[in-house]
Amino acid sequence: MLQAATAGVSAQGGKTLTLAQAVDEALARNERLVNQHDTIAQADLGLRLARNTFRPKVTPNIFGSFGRTDVSSQTYRVDVSQKLVTGTELRLSTGTASAQIPGVTGGSEGDVLFYNADTTLTLTQPLLRGFGPSVARRSLTSAELRREEADRQQALAEQQVTVDVAAAYYRVLSQQAFVEVARQSLQRARRLRDASEAKLDAGLVSQLDVLRSQQLVAQAEIQLFDAQSGVEDARDRVSFLMGRPANDVFDVQADIPRLDAEPIDVARATAVALANRLDLKSRVAASSDADQQIRFSRNQLLPQVDVNLALTRRETAKTFRDSFGLEGYQFATFFTISMPVDRTAQQVEFQSAILDRDRRRREIATLERQIADDVKLAVRERDRMVRSVMSAETSVEIGKKEVEVAELRYQNGLSNNLDVVTAESALLGAEGRRIQALADAAVSRLRLRALLGVLDPRADLEGSTPILPMASNLDQ
């Protein structure tokens, strides 16, 4: 029946689109995923900026004349700095500036030009505030966490889009099959109407039988129209998720994978979900970041005590070349101590960090309980889907037999066409429920794997992958 429905639609000239192709196209062109790609790009830029903090900085500063060398106030200077993740900072400043001493008024000597040379290599090491990698690289750590979170959100969005595309895709397939079912029901209703009218002319049935058959035809036509409209609505939904124009024509494969009827261990499924759910990993990472924020805030409450080691050379040279000599360097050691009296801002930040950590821990515990409950509901829903498919298939078989018996009794004059009308309506409803049950079961499998956090959008679309991973994969 599904193949017949797809063959009828293929005659319209649409290109066959598999579910895997639809998902791949949605992963590349869906607006939500495109926006998520931009988020990842922004996280990359933020990570690049944070890493740049620990890269050498070179700043040249030149203020000089063109051609003339006897002009005062010329400056030639280069500053080089390097910050380490331990909080240590290295800074090299080397440069010179020209100056003049005016000549004696009325004397024979002209102005005297000289250079003030200044070269200093400084090492600064915080001892309290700003000491240690957890404090010095706080901005870099936050940028790395944002980048990892962007990847998790990307994977989570891909799983959700995959489920949405599969649901829309199977809805197209089920609606196409339902169109074929409604068309066959309409043909049977018309044959019944024609037979009733012929028997009325022969005086074998009453006018009521003809009216019933005409009503059945009208109902079948309405159901066919509704099914055709449902196909167009489902196509538009698939096109939207794939980023295609709404009027794009395509066909779908008439193949709905059957849901595996084997039972699922709820305890093992819960363990898989707790180990793989991306949103739970995000909460755990946020909690870890809150702990690091507490350590950073606690460090900011300490006084600023820095030790500075400097190797410096400050001399006056007669020429530009002599400004950068290797002699005359002196070693110096000094301390920097700073302690603000009002530390309200730092204390408030520290207390806020503690509250944020406690809140995030509660969120993790709440989400774990919610995941456990969701897994139980999903497993029960999956079992219900299996039973619904089996019940729908049984109902279809019974409905076909009821239609055959009702038509045979009507043709032999043992009953009126009311039994035929009732049997036709029941069969149509049973076939529609069967088609919908198959589609819902296929989507529920993907939703269950997404709920467990193990859905691979590029490998789990054929139904051959088990819902639960192997125990060895879980241990890994």
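Nothing in this text is a laboratory measurement; each read-out follows from the coordinates by a stated rule. Note that the structure is a prediction, hence the values are computed from the model and not measured. When we count neighbours, we look across all protein chains shown, and the Cβ atoms used for this are built from the backbone with ideal geometry, even at glycine.
Observations, loosely collected:
- Counting other Cβ atoms within 10 Å as a rough exposure proxy, the listed residues Ser185, Ser425 run Ser425, Ser185 from fewest neighbours to most.
- With a cut-off of 15 Å between beta carbons, the residues surrounding Leu414 carry a summed charge of -3, where Lys and Arg count +1 and Asp and Glu -1.
- By the beta-carbon count within 10 Å of each Cβ, the least crowded to most crowded order of Thr53, Thr124, Thr119, fewest first, is Thr53, Thr124, Thr119.
- Summed residue charge, Cβ within 14 Å of Glu327's Cβ, Lys/Arg positive, Asp/Glu negative: +1
- The relative contact order of the chain, computed from alpha carbon pairs under 8 Å that lie at least 6 residues apart in sequence, is 21 percent.
- Each peptide in 129-137, 279-287, 169-177 was scored by the mean count of other Cβ atoms within 10 Å over its residues; highest first, the order is 169-177, 129-137, 279-287.
- Distance between the modelled labels on Ala285 and Ser73, one decimal in nanometres: 5.5 nm (7 Å Cα→Cβ projection).
- For a straight C-alpha distance cut-off of 17 angstrom, the lysines reachable from Lys83 (same-chain residues fewer than eight places away being disregarded) are Lys57.
- Entry for Rg and Dmax of the Cα atoms in Å (calculated from the structure that is shown) out of (i) 31.8, 104; (ii) 23.8, 74; (iii) 39.5, 147: (iii)
- Estimated from helices alone, the mean residue ellipticity of the chain at 222 nm is -21500 deg cm²/dmol (sum of -39500 (n - 2.57) over DSSP H runs with n ≥ 4, per residue).
- Here the Karplus relation 6.51 cos²θ - 1.76 cosθ + 1.60, evaluated at θ = phi - 60°, turns the backbone of the stretch 160-165 into coupling constants of 5, 5, 4, 5, 5, 5 Hz, with x for every Gly and Pro.
- Positive dipole terminus of the stretch 211-259, leading residue within Ala220, Ser239, Val249 (C-beta point charges): Ala220
- Dipole of the chain [Lys/Arg +1, Asp/Glu -1 at C-beta], most positive-end residue of Val163, Leu438, Ile371: Ile371
- When each of the peptides 209-220, 305-316 is scored by the mean number of other C-beta atoms lying within 10 Å of its residues, the order from highest to lowest reads 209-220, 305-316.
- Percentage relative contact order, the stretch 324-476, counting C-alpha pairs under 8 Å, at least six apart: 22 percent
- Listed residues Ser297, Ala286, Asn308: farthest to the positive end of the dipole of the stretch 279-318 (Cβ charges): Asn308
- Theoretical FRET efficiency, 1/(1+(r/R0)^6), r = Cβ-Cβ of Thr312 and Arg51, R0 41 Å, to 0.05: 0.85
- Taking the longest Cα principal axis of the chain as reference, the axis of helix 266-276 is set at about 30 degrees.
- Each residue of the stretch 363-375 was assigned a 3J(HN,Hα) from its phi angle through the Karplus expression (A = 6.51, B = -1.76, C = 1.60, θ = phi - 60°), giving 5, 5, 4, 5, 5, 4, 5, 5, 4, 4, 5, 5, 5 Hz with x at Gly and Pro.
- Hz values of 3J(HN,Hα) by residue in the stretch 343-353 - Karplus curve (6.51, -1.76, 1.60), Gly and Pro given as x: 10, 4, 4, 5, 5, 5, 5, 5, 5, 5, 5
- Euclidean distance between Cα centres, the stretch 388-440 to the stretch 318-354, Å: 88 Å
- Relative contact order for the stretch 374-463, counting Cα pairs under 8 Å that sit 6 or more residues apart, in percent: 40 percent
- For Gly130, net neighbour charge (Lys/Arg +1, Asp/Glu -1) across residues whose Cβ lies under 13 Å away: +4
- About its Cα centre, the dipole of the chain is roughly 1240 debye, where the only charges are +1 on Lys and Arg Cβ and -1 on Asp and Glu Cβ.
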